[in-house]
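Working notes, beginning with the structure itself.
The values are calculated or read from the model by the stated rules, or taken from the named source; none is laboratory data. As the structure is a computational prediction, the values presented were derived from the model and not from experiment. All Cβ positions, glycine included, derive from the backbone under ideal geometry; neighbour counts span all protein chains shown.
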4 protein chains.
Amino acid sequence: MQTLKHIVESKHFEHLVLLLICANAALLGAETYPAILQRYGDTLHMLDRVFIAFFSIEILMRLAVYRERFFRKGWNIFDFCIVALTLLPFVGNLSALRTVRVLRALRLVSSVGSFRKVTESIIGAVRDFAAVLAVLLVVCYVYAVLASQLFGASHADQFGDVGVSLFTLFQIITLDNWSDIVRTVMTESPIAIPFFISFIVLTVFLLLSVIVGIASNAVRNADPEEKSITQKQAEEIIALLQKLNR
Amino acid sequence: MQTLKHIVESKHFEHLVLLLICANAALLGAETYPAILQRYGDTLHMLDRVFIAFFSIEILMRLAVYRERFFRKGWNIFDFCIVALTLLPFVGNLSALRTVRVLRALRLVSSVGSFRKVTESIIGAVRDFAAVLAVLLVVCYVYAVLASQLFGASHADQFGDVGVSLFTLFQIITLDNWSDIVRTVMTESPIAIPFFISFIVLTVFLLLSVIVGIASNAVRNADPEEKSITQKQAEEIIALLQKLNR
Amino acid sequence: MQTLKHIVESKHFEHLVLLLICANAALLGAETYPAILQRYGDTLHMLDRVFIAFFSIEILMRLAVYRERFFRKGWNIFDFCIVALTLLPFVGNLSALRTVRVLRALRLVSSVGSFRKVTESIIGAVRDFAAVLAVLLVVCYVYAVLASQLFGASHADQFGDVGVSLFTLFQIITLDNWSDIVRTVMTESPIAIPFFISFIVLTVFLLLSVIVGIASNAVRNADPEEKSITQKQAEEIIALLQKLNR
Amino acid sequence: MQTLKHIVESKHFEHLVLLLICANAALLGAETYPAILQRYGDTLHMLDRVFIAFFSIEILMRLAVYRERFFRKGWNIFDFCIVALTLLPFVGNLSALRTVRVLRALRLVSSVGSFRKVTESIIGAVRDFAAVLAVLLVVCYVYAVLASQLFGASHADQFGDVGVSLFTLFQIITLDNWSDIVRTVMTESPIAIPFFISFIVLTVFLLLSVIVGIASNAVRNADPEEKSITQKQAEEIIALLQKLNR
């Protein structure tokens, strides 16, 4: 057991796993070229089984070493789920699930320390700004229901029901070809002009406030060592000095 | 009265209102699907009346409790207006006003504390940068009048009068399909190239300065506890120390 | 002379000028509607002459009061040039110059204090980041010459010569319909893919560094009173305290 | 040798080089106009040889002065490579390499101090955020393989293999005409809607975190003189004061 722990925690093992994840990802990319698939299909499929076997053994090794502690770390659960998921097509005869094998490439994110940090900081940013994103969603929902009622009858493709409207409004938020949509709608309903312009201005402002909020948080949440002295501390210093001067 | 106040201010009542707002919003979304509307139309319409009744009673309860103080808070006025507005289609026979019922979903924004804060901070940001936005409007107006005079005769759809030009220029600011417009215009009037490029560069710079201004304000207007020590305080400290050293 | 100075510097006069600039701007906007122009054309033309007369007199009054000092302030020169320019169509018979009248609306920018500040801060920002913008220009120029040589022969409309290429590259920087252009070019010259992707990544990074540079400058250049205590001052404080402790 | 060093390091020599780089760039731009090329082609070609000769001599002079120290500076190597590269078409008969002459315009970037600084700070920014960009690449790669498997069969032009998919996904990240692509794909595979919306939201968030990271770094990495006092220093001050008060 001790030797197994030694192996699992060694730098060489880590690099081997990383290398195999990369090789697996490259293989998955190569498989998308019909010419390659036709010629080397069998080899690729066999290699694929080798990779699956390796990753399963790797997870089992780590499970054997850490046991219940294994599941305390989010990233371990992430690895476990990906490997479990990519074993599914073998268990049942679910050839449709073969595409999930691609997720194994995501293990790159969990295998490199700096990539893990990036992911965590992004999840943190999303949590901080959940309120702004929720307001954005409410605004989009109200506009989507309104759009369905106002323009749904004449433009079913874009505003047929609230689901379709939400997709179209998402397109408008990204400012992609929004003028085409608005120009066709506004010939029949002139209300479309204030409707969509107010929507664009509102959502762009909301998105901006997300960006700005994240930025100002990033500036403030510097390393404590780099963090600048606060007003409170300054007042403490002044109080101490005045006591001295008395 | 005291019990009514108790009810209105209780957490359970608040959660009930929030739940009903969400249910109402979901209902309004469901109504946009023609298939659902056809099959369950009567049920939905009845439910809608129940919601309207509930929200009216809720506002009346809060009015009864707080009386004239109710209208001192902006968010209460917001709630009152929305409920009053959505009662209108019942008073007169204004079936066209039925769409305003959707606004009730906006009460979500006024019912959750963190959503109210987001809205207030955005309104604050708009107020701070009213000057930049006003300059942007002046620049757009001047370009719109110029565009109508220069390209209005040959491209009435895009630049027929100052209103149409403003819409087209708004489209150009969002950088959506601007090249199509400029490429058609510039075959006849080569002046279109400097005209639109200067417009894009100018407005993008103005918008950038809004973003940057908001961002630097956000950094500075941190919580007083987090705010960093000022030069003034630093000078006070140094003065006190020099007095001690004398 | 003293009374004239009194008039020119009074708040009422300032507000009157502002009002007339707005009225003039509204008039210029109204003139762009063919229906209005046809019906009230004569009245509008007469009003226009009244405005020109008023603005000329206003500038003459300010010139009479301040004399050579008038031209020391940039904004006065700005006002003078605009009024002089809009008088030109009357001097010669240059009906083509009638469009310059629109520039009078720009006096709105020079007439409101906060608008002047916005403009000045933007000019300042441009000056600070002239170096980045110049590098951006050099990069665009090199890519434009290369594009003309590589794709000019087969796609003369987009890359015929360095001027046309610069316009197309500007369109690509704004990310507007760039994929259409690249997809047509790349069927013949596969080199187009790395060419344009490197161009987009490079220019977007350069633009980002402009934004970021402006933002971090805005944060640092706060009011001296708000500025936080510097390392230098902190070291001074520590030195003083150590002297005390000895 | 001493005089040569004097010449090479003189301001006049520097300005001459700068002037000739600009003239060379202008010449290269002029050559892209077919009319100019036809009429003055011989003159331009001769001038071009003069420029090549001059730049070769200039590099030789600097090599003669600094010898092995010449290659210690990155920008010198940059200059050397560009000149060497543009000499190639003369050595062999590689007329296809004539386009590389354009790169000489890039020497503008290495010849002006402030341009060099801009370039260096951008390279620094890329290095700092290599991790985020790598995560972005991994995400794009996974999505590209998935897209090839899911939509490759029916939309070979956009998602035929992983290379083509990567290009299309790059287009979608830039939000250019993404809705056209998604709308055609989603009629056959409804899974396209969550697929592409999650892709857009994810990549935009990753890009935002790059921008924000660069911005907050820029704010923190101010000049040491401008840097604000840190928490650590503040605690040192407080400790010293408490010692005094005892």
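Numbers below:
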item: Number of positions in region A:161-213 that are free of Cβ contacts under 8 Å to residues at least 12 places away in the same chain, touching a helix residue (DSSP H, G or I) at 6+ places or on another chain (Cβ under 6 Å) and more than 8 Å from every other protein chain (Cβ to nearest Cβ); result: 1
item: Cβ pairs under 8 Å, 6+ apart, first in region C:69-90 and under 11 Å from residue C:52 (Cα atoms), second of a type in the set (S, T, N, Q) and surrounded by 13 or more Cβ atoms within 10 Å (Cβ to Cβ); result: C:83/C:56; C:87/C:56
item: Selected residue [closer than 27 Å to residue C:1 by Cα and more than 14 Å from every other protein chain (Cβ to nearest Cβ)] from C:21, C:77; result: C:77
item: Close pairs (6 angstrom Cβ cut-off, 6 or more residues apart or separate chains): under 14 Å from residue D:74 (Cα atoms) in region D:111-131, surrounded by fewer than 18 Cβ atoms within 10 Å (Cβ to Cβ) anywhere; result: D:111/D:18
item: Test: residue A:134 is assigned to a loop (DSSP other than H, G, I, E, B) and either surrounded by fewer than 16 Cβ atoms within 10 Å (Cβ to Cβ) or within 14 Å of chain B (Cβ to nearest Cβ) (or both); result: no
item: Any hit, region B:186-207, residues being more than 27 Å from residue C:164 (Cβ to Cβ) and surrounded by fewer than 19 Cβ atoms within 10 Å (Cβ to Cβ); result: yes
item: Test: residue in region C:43-51 that is touching a Gly at 6+ places or on another chain (Cβ under 9 Å) and modelled with pLDDT under 90; result: no
item: 2 or more residues among the polar types (S, T, N, Q): qualifying helices (runs of 4 or more DSSP H) within region B:1-80; result: B:2-9, B:34-66
item: Residue match in region A:6-24 (condition: of a type in the set (Val, Ile, Thr), exposed (fewer than 15 other Cβ atoms within 10 Å of the Cβ) and modelled with pLDDT of 90 or more); result: no
